[in-house]
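Structure, as structure tokens:
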Amino acid sequence: MPTKTALNVRPLRGDFGVELRGIDLATVDAEAHREVVELFHRHGVMVIKEQQLSPEAQMRFTRAFGTPETNVRKEFTYPGVPEIYVISNKVVDGRKIGDVDAGQGWHTDSSYLAEPVMCTMLHALEVPAEGSDTLLADLVAAWNALPDERRAQLEGLQVHHSWRALMELKGVAVSPDDDSTPDVVHPLVRTHPADGRKALWVSTGTTRGVIGMPNPEGLDLLQELVDFATDERFVYRHKWEVGDVLIWDNRCTLHTGTRFDVTRYERHVHRTWVKGDRPV
């Protein structure tokens with residue numbers, strides 16, 4: 001069984017993120033999974049190289065982080081394993097088997113839920129030769145880089161998040177009677193439950209504004225803060241290889257994907273989510 005000393009760990013970008021080698025997630029026991037999870041909670045982002053995970057093995061590893069979250073959109077879930085969401089531009093038997101546009105625009109996953117997902121896990125089965133990078137922004141570093149006066153202005157502000165806003169952005173029709181995913185309000189500055197570190201918890205796509213602030217002023221403020229937090233000094237760019245497992249902490253990161261030529265390349269990724277708690 002791998003131990004902490006057996007794992008090959010290197011930093012991705014300063015204190016933000018780590019890369020692991022020397023572990024086979026499909027065969028190790030629960031104790032080894034727990035060691036990986038403990039390491040993850042300290043760093044926000046984790047890349048685990050050279051993995052071959054069946055859907056069942058990915059679910060077993062996902063459960064080491066907590067309870068798997070379900071998907072609001074069901075049409076691209078993996079057959080028989082609805083907790084796995086397929087991100088792909090492949091067409092099989094004339095049918096699109098995955099979501100082509102998932103991950104575009106700087107955002108944090110499921111911020112439209114009362115309890116947004118804690119972490120996101122992607123397992124790469126096929127990757128384009130160019131493009132389709134995943135960019136991750138360190139919201140803790142962004143918060144710490146703000147002047148004290150600016151932080152004092154932002155503390156206590158709350159943001160209106162909406163699943164309907166996201167569906168409108170994607171051009172997905174939603175029935176006016178669908179109240180399955182009601183709008184929510186979350187703090188703009190989020191405290192991480194593991195160690196109390198604060199993050200500038202902003203996002204795009206799901207936000208309708210800042211509570212108590214008229215638009216466009218509220219939306220302009222959110223865009224200003226997203227632009228600041230996604231400056232290259234806070235961003236890790238992941239260039240995919242087949243077998244990569246990438247996991248990020250939605251409580252303290254933003255992410256987005258880059259485009260690729262869908263007419264030349266195929267991308268096929270399995271995503272899982274882990275339930276989170278209410279932001280504070």
Identify all residues within segment 188-227 that are closer than 19 Å to ASN144 by Cβ and assigned to a strand (DSSP E or B); write none if there are none.
VAL189, ARG190, THR191, LYS198, ALA199, LEU200
Which condition does VAL174 not pass, out of (1) modelled with pLDDT of 95 or more; (2) β-branched (Val, Ile, Thr); (3) within 23 Å of TYR78 (Cα to Cα), if it passes all the others?
(1)
In this structure, does ARG164 turn out to be open to solvent by 40 Å² or more (accessible area, probe 1.4 Å) and outside any loop (DSSP other than H, G, I, E, B)?
yes
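Suppose the filter is surrounded by 12 or more Cβ atoms within 10 Å (Cβ to Cβ) and modelled with pLDDT of 95 or more; does VAL72 pass it? Show your work before the answer.
On the way: surrounded by 12 or more Cβ atoms within 10 Å (Cβ to Cβ): yes; modelled with pLDDT of 95 or more: no.
No: the conditions fail for VAL72.
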Filter segment 171-210 for residues that are touching a residue at least 24 places away in the same chain (Cβ under 8 Å) and hydroxyl-bearing (Ser, Thr, Tyr); the one that is most open to solvent (accessible area, probe 1.4 Å) is SER180
Every pair of residues 6+ apart whose Cβ atoms lie under 9 Å, when the first sits in segment 24-41 and is in contact (Cβ under 8 Å) with a residue 60 or more places away in the chain while the second is surrounded by 15 or more Cβ atoms within 10 Å (Cβ to Cβ) and of a type in the set (S, T, N, Q)
LEU25/GLN51; LEU25/GLN58
Kindly evaluate ARG264 against the criterion of being in a strand (DSSP E or B), surrounded by fewer than 19 Cβ atoms within 10 Å (Cβ to Cβ) and either at negative phi or of a type outside the set (A, V, I, L, M, F, W, C) (or both).
no
Return yes when PHE65 is within 26 Å of ASP138 (Cα to Cα) and assigned to a loop (DSSP other than H, G, I, E, B) and no when it is not.
yes
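From the list GLY17, GLY80, GLY22, which residue is surrounded by 14 or more Cβ atoms within 10 Å (Cβ to Cβ) and of a type in the set (Gly, Ala, Ser)? Walk me through how you get there before you give the answer.
Details: GLY80 fails: surrounded by 14 or more Cβ atoms within 10 Å (Cβ to Cβ); GLY22 fails: surrounded by 14 or more Cβ atoms within 10 Å (Cβ to Cβ).
Answer to the selection: GLY17.
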Cross-chain or 6+ apart pairs with Cβ under 6 Å, segment 221-244 first and under 13 Å from THR256 (Cβ atoms) and among the small types (Gly, Ala, Ser), then modelled with pLDDT of 95 or more and open to solvent by less than 30 Å² (accessible area, probe 1.4 Å):
ALA229/ALA137; ALA229/LEU139; ALA229/ALA142; ALA229/LEU200
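Here's the yes/no breakdown for (1) at pLDDT 95 or above; (2) assigned to a loop (DSSP other than H, G, I, E, B):
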{"position": "GLY98", "(1), (2)": "no, yes"}
{"position": "ASP101", "(1), (2)": "no, yes"}
{"position": "ASP109", "(1), (2)": "no, yes"}
{"position": "GLU115", "(1), (2)": "yes, yes"}
{"position": "MET121", "(1), (2)": "yes, no"}
{"position": "ALA124", "(1), (2)": "yes, no"}
{"position": "LEU136", "(1), (2)": "yes, no"}
{"position": "ALA141", "(1), (2)": "yes, no"}
{"position": "ARG150", "(1), (2)": "yes, no"}
Please go through segment 231-261 and pick out each residue that is of a type in the set (S, T, N, Q) and open to solvent by 70 Å² or more (accessible area, probe 1.4 Å).
none
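The values are calculated or read from the model by the stated rules, or taken from the named source; none is laboratory data. Keep in mind it's a predicted model, so treat the numbers as computed, not measured. Please note: Cβ atoms are built from the backbone with ideal geometry, for glycine as well, and neighbour counts cover all protein chains shown. What goes into the accessible areas is simple: the full protein's heavy atoms, side chains included, and nothing from ligands, DNA or RNA. Shrake-Rupley method; radii C 1.70, N 1.55, O 1.52, S 1.80 Å.
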